[in-house]
Ligand code: ATP
Ligand code: MG
């Protein structure tokens, strides 16, 4: 009934409500930071379910991070209840692509159990190819270039044909070998996931024939593959809502295309654009300082942005003698603010945002020294720690022994007297015979390889031992999901077979306890992921609705391991997976600015604001670097600190960021005094109180809502007929082609 309607629109301003309830099927909400875009998008999903009677499983919503997906799901649950919210297809582009590929991939020749190569896997593969071929290109750079090609839909053969000089030929060869390697190991990298999903949906539109609405957050950072995927998801109904902000586009370096906004309007000329102009996040002073920075870009159209909070304290801009001094100043500020504001602020209300993760070391040290708890986002991932990665590689090899990457990394870990030369020989024989490394290892363990592949007697024994671990694991895997076997059981088997505790003790000596606790953490996560109830819930949530005329692989208990591994591969460095049910610890966040997109904190620090750091020396897009600073600054609710050490960690003299020394900039900042004054900090408490919507404020909005509710369609009863036609959700278009036939996708030229 309309109870849910009131809830959904409650506390939204008129423009937000217009967006939530807009009958337009193609909608762009373009608005500055903190104006409630994500909030609006969330409400629109709820509204489609509660008031357009759309089935949640027919709605696809893409977010930028898993964390954002989780938060949105929780908010939507508040509106439409547990049952319905569970069934929304809501996640990152990659996570949604994986669901489709797992369940329909067989129709495009994808093997079951394909693995996912995350960025560090891809880099490792490239490193090896480059080393082997004695190429000169740097692996990270190669990966970036390969990705840029793939996003454009260009394969390695294109590069091979196009290569004009030696440098390009070399790159083309690296690219070709990389692709061959992925194929041989049955791996898909991040770009492949999206490209294959596009291919699936282009050739088998039936698999998205149920989709009635597509919603995208942070649209300004989509690349052209994601854009295409969006259109393909929506090919049946062409109902798309996107929210975004051109001023926050910060992924150009990864082929994101701001041009997608205009492209969308050309492709769907009926696109309705709504702007939101009120900022609900930041104090007025912070907002104005941020505005001043972004307005330095003269090519940008001027925009209106209204602060809803009082001015509050001017942000602080400080110079400190060294990076170490900067770090300890920052920590002392955190402690002082906490002391002065009593219990009002928790460590988790503070964030330290960095241009690059490498800057974190000195800050971590300062926090550690004072015993301030912190969590590092976007640093060394939990799953990349050696001992954790080791177990995961064993799980990958057990799940899919053709994954030669994983097999090669672990075949001699712990040491089994299998030398590098032997492994190299085995690899060469494998590629000569066109079989996987695993196949050759099995042969070698039984003395059945060519003599030129030198395998000593000791190595032969070692290979047999390795084979035994994998085969035993596979036998256990076959009964996964039955009462005898759980994911934890398989991990424990690996630990026992490897005698992992002894291995860690020998390898890490006084550090081995920390290492072991990481292993325990992994076990806890596996236990959580495979607990029967949770597993059942995951399967249900992952299962795509069945569509006519297209076979579907429904996930079963045996897929628990694949799902667990896919989840790990898709956990970007921006977010660590923590076991469900563990209490979030009160910690200061250290994050890159990129990973902080869409988030907010009461107090934000952006240290190291100098030339070379921001703008970064390796970036050639000065405007994108400025937008990055703007994104960082607009994360702050009540207090913002920018700082710059006179000497950086390399003891070089720095020059303050060019964005902060433009004429007039300093008038937006507090530059002097030892730090923010006590009076100012106390003022913060007041600002924060206002930032949290008071009961009074809420009831005022509610009255306003009741007053002009009639202006917004639909409220009660019938929809105006012409609106209904425009919306076009009522009638089904049943003219889908039979399996295998093609038709021009309505969305693409
Ligand atoms: P970003 O561009 O940084 O992603 P955004 O436009 O998505 O920002 P939200 O995160 O949705 O903004 O909202 C920012 C903050 O403002 C949130 O705390 C949100 O709850 C609050 N907010 C949004 N709209 C309103 C409103 N109408 N009344 C009160 N608070 C609001
Ligand atoms: Mg947002």
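Table for the structure above
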item: Label-to-label distance, nm, for residues given as residue 131 and residue 539 (7 Å Cα→Cβ offset); result: 4.2 nm
item: Cα shape, the chain, gyration tensor, a/c 1.5 rule; result: oblate
item: For 204, 51, order by how many other beta-carbon atoms lie within 10 Å, fewest first; result: 51, 204
item: Packing-based order for 383-394, 615-626, using average beta carbon neighbours within 10 Å, highest first; result: 383-394, 615-626
item: Euclidean distance of C-alpha centroids, the range 4-35 and the range 341-372, integer Å; result: 35 Å
item: Per-residue Cβ neighbour rank within 10 angstrom, fewest leading, 594, 288, 672; result: 672, 288, 594
item: Share, in percent, of DSSP beta bridges within the chain that are antiparallel, nearest 5; result: 5 percent
item: Ranked list, fewest to most other Cβ atoms within 10 Å of each Cβ, for 503, 610; result: 503, 610
item: Pair residue 108, residue 183: separation of 7 Å Cα→Cβ label points (nm); result: 1.6 nm
item: Overall form of the range 313-371 per C-alpha gyration tensor (a/c, 1.5; a/b vs b/c); result: prolate
item: Computed label-point distance, nm, for sites residue 472 and residue 124 using a 7 Å Cα→Cβ extension; result: 2.3 nm
item: Peptides 531-540, 289-298, 363-372 ordered by average Cβ neighbours within 10 Å, highest first; result: 289-298, 363-372, 531-540
item: Contact order relative to length of the range 436-574, as percent, for alpha carbon pairs under 8 angstrom and 6 or more apart; result: 20 percent
item: Shape of the range 94-203, Cα gyration tensor, a/c cut at 1.5; result: prolate
item: The chain: relative contact order as a whole-number percent, Cα under 8 Å and 6+ apart; result: 21 percent
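Bear in mind these aren't lab numbers, they're just calculated from the coordinates by the rules spelled out. All figures in this text were calculated on a predicted structure; none of them were measured in a lab. Neighbour counts run over all protein chains shown; Cβ positions are idealised from the backbone, glycine included.
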